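Peer 1: Right, I'll just put the structure down here and ask away after.
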Amino acid sequence: LTYLNLLSLLALLWVGRQWFGRRASLYAALILSSSYFYFFNVLFSWPKFFSAYFVICGIAVVVTSPYWLLAGVLFAAGQLAHDSALFSFVGFMVWLAAASLLKQLHNPGLRYCLAHPFSTLHKLTPLGAVACGYLVTVLPWVAFRRLHSGASSRLLHWHVLCDTSEQTAQLSFSAALREYLISHSWWDILSVRLRNLAYPFSFSPLSQAWNA
């Protein structure tokens, strides 16, 4: 699994070389490989950076040579490697939809878009192709998991509420979210997010790796 996680470094090198040049890609790879956070997540037994490899490849495919269906398949592969890639897919789809709509509003303009709605929707075909590739790849596993272990909102509890307790995981996400907002101030919520943002740049991953 360590070697699979290291594929993310190759993806970074390739994307960096395509967009910023060989030297910039080497600097980025050096900085990433010297990160305790990267070391901790590569070495131990969860495929987060293997998932990141697929996500980076999906974005790169769209930017360099837009094979939309393949991009959807790659994002789905990222989610199959680790469920947290779902958030990357949602963010990418929002970005793609906004970029497509803004392009249509700019050229040929809002009046044309309103007068020719079907033509405007046709321009959103890439969005549908990405979604199709994603769904065809990921739905068989989702169906199997639902039949085998039932539906679970554990992913949302962990990543949105930052709560890994089993007691909270038994609640529906809407109930857990309501309880979370009642019991935490906005400053508490913001401070947790800021700590999460700073975590990859702290020495915490190093101490955890050493203790493990």
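Values in this text are rule-based calculations from the coordinates and carry no lab data. A quick note: this is a predicted structure, and the numbers were derived from the prediction, not measured. Reconstructed Cβ throughout: ideal geometry from the backbone, glycine too, with neighbour counts over all protein chains shown.
Peer 1: If packing is taken as the average count of other Cβ atoms within 10 Å, what order do 8-15, 68-75 fall into, highest mean first? Don't skip to the answer; put the middle values down first.
Peer 2: Details: 8-15: 17.9, 68-75: 23.4.
Most protected by this proxy first, the peptides run 68-75, 8-15.
Peer 1: Want the number for residue 198 to residue 172: 0.36 nm per residue separation, take away the alpha-carbon distance, what's left?
Peer 2: 6.4 nm
Peer 1: While we're here: Please give the length that would be gained between residue 159 and residue 46 if that part of the chain were fully extended, namely 0.36 nm times their separation in residues minus their C-alpha to C-alpha distance (nm, one decimal). Numbers along the way, then the final one.
Peer 2: Values: separation 113, 0.36 × 113 = 40.68 nm, distance 1.55 nm.
That works out to 39.1 nm of additional length.
Peer 1: If you stretched the chain out fully between residue 90 and residue 145, how much longer would it get, using 0.36 nm times the residue separation minus the C-alpha to C-alpha distance?
Peer 2: Details: separation 55, 0.36 × 55 = 19.80 nm, distance 2.06 nm.
Contour length minus the Cα-Cα distance gives 17.7 nm.
Peer 1: OK, next. Once every Cα of the range 11-73 carries one equal point scatterer and solvent is ignored, give the base-10 log of I(q)/I(0) from the Debye formula at q = 0.14, 0.16, 0.18 Å⁻¹, two decimals.
Peer 2: Scattering profile of the range 11-73, log10 relative to I(0): -0.47, -0.60, -0.72.
Peer 1: I need the peptides 136-145, 184-193, 47-56 ranked by packing, meaning the mean over residues of other C-beta atoms within 10 angstrom, with the highest value on top. It would help to have the intermediate numbers written out before the result.
Peer 2: Numbers: 136-145: 13.2, 184-193: 11.2, 47-56: 22.4.
Result, highest mean first: 47-56, 136-145, 184-193.
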